[in-house]
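Just so it is clear, none of the values below were taken in a lab; they were calculated from the coordinates. Quantities reported herein were computed from a predicted structural model and do not represent experimental measurements. Cβ atoms come from the backbone with ideal geometry, glycine included; neighbour counts cover every protein chain shown.
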Amino acid sequence: MALLQISEPGQSAAPHQHRLAAGIDLGTTNSLIATVQSAVPRALPDENGAMLLPSVVRYLADGDIVVGRAAQVAQADDPHNTIVSVKRFMGRSLSDVKEAAALPYHFTDGPGMISISTVAGARSPVQVSADILSNLRRRAEDSLGGPLSGVVITVPAYFDDAQRQATKDAARLANVTVLRLLNEPTAAAIAYGLDKAAEGTFAIYDLGGGTFDISILSLTRGVFEVLSTGGDSALGGDDFDSAIAAWFCSQHAIAGLEALAPRLQRSLLAAARSAKEALSSHETADMRLDGINGHALTATLTRAQFAELGAPLIARTITAARRALRDARLSTAQITGVVLVGGSTRMPIARDAVRDFFGMEPLADLDPDQVVAIGAALQANILVG
Ligand code: ADP
Ligand code: MG
């Protein structure tokens, strides 16, 4: 075999080739895996070209496990066996999960952690997370053409020891070797190369699907320290969808989302989400809800109207940012850079509010839903040498 070998993505690796490492963003709403190839970090797509894997797992009676988009689609029809947002339960006992009664799951208190009854038997959050990680590991191994030697998995900066240990246990179950757990805001800072500077103080504003996290980091001699964290574990993109759905109802003299049949509620929320995402790049978005007494309801939402609907939600993120700064005993003038993370920071109203509050243009060149995985991949690449 020739010593010099050019390997194409997907082609199998030569035995003496470098060890394969990857970074995984194990998110509440979406997860993804990234790797560094020829010095360039990039997220790896699934066989359909999708980078984001919805963090949804469905258990079937025959033992089959469905992960991602297909599980998400089935969520409405099979809510008890389709687990979403499992990250909220990691390392938690039943008494920790305040919202348990409002969720469609049959919870039991497993040893040390909550457990969810499914048609396939009881599943702990660790097992559910392991099914997500296995899916990503297979995706990476298929596309890189060899076994992964190690991964860096990101966790929220505020995760306690039990939550971090649960994440490591999930990796072990999924046959994934953890090189290190990395704080999500630190990963985002690394993705932007902020660790290359001598020092600085950074704010990481992460607005995802169901959670908002704000972290203040300080960098000294290449090492990040978390000065403070804050946010709202019940504030995210979903709330903007609900606000649009409520607006649509008011346009058609419907008392509210709850006044609709469950199936129509889900259709309306999906239409609201599409409209919200469209408004990040268009001035108006058309909405349509089929099947009300045999006819369709429509409405056109403008950016200005959406800005009004979303303003109270955005204001809550800024209040949390102000509090995190106060906890770190800093003023906005002492912040050297602001990083936008999370799919919801694509909304112009989020960007504008962050710019106004911090008085500077936030870093947003990288894809906001890939930035954490990319930082993790860069770190993993260094750790395997
Ligand atoms: P998490 O970190 O919670 O796993 P993500 O960072 O993947 O979540 O964010 C998911 C959220 O981002 C969803 O609410 C989705 O609607 C929102 N989102 C994705 N793209 C856009 C867009 N173009 N405009 C506005 N919101 C978007
Ligand atoms: Mg995230």
Original post:
Do you know the Lys pair count in the chain for C-alpha distances under 25 Å, with sequence separation 8 or more or different chains?
Top reply: 4
**OP:** Can you tell me the order of 354-366, 52-64 when each peptide is scored by its average per-residue count of other Cβ atoms within 10 angstrom, highest first?
**Re:** 52-64, 354-366
**OP:** Would you mind putting 221-230, 309-318, 26-35 in packing order, based on average other-beta-carbon counts within 10 Å, highest first?
**Re:** 26-35, 309-318, 221-230
Original post:
What percent do you get for the relative contact order of segment 161-299 when only Cα pairs under 8 Å and 6+ apart count?
Top reply: 13 percent
**OP:** Would you mind telling me the antiparallel percentage of the DSSP bridges in the chain, rounded to 5?
**Re:** 75 percent
Original post:
Summing -39500 (n - 2.57) over the DSSP H runs of n ≥ 4 in the chain and dividing by its residue number, what mean residue ellipticity at 222 nm do you reach, to the nearest 500 deg cm²/dmol?
Top reply: -11000 deg cm²/dmol
**OP:** Could you pull out every residue, at least 5 positions away or on a different chain, whose amide H is within less than 5 Å of the one on Ala234? Hs are placed 1.01 Å off N in the peptide plane, and Pro or chain starts have none.
**Re:** Phe212
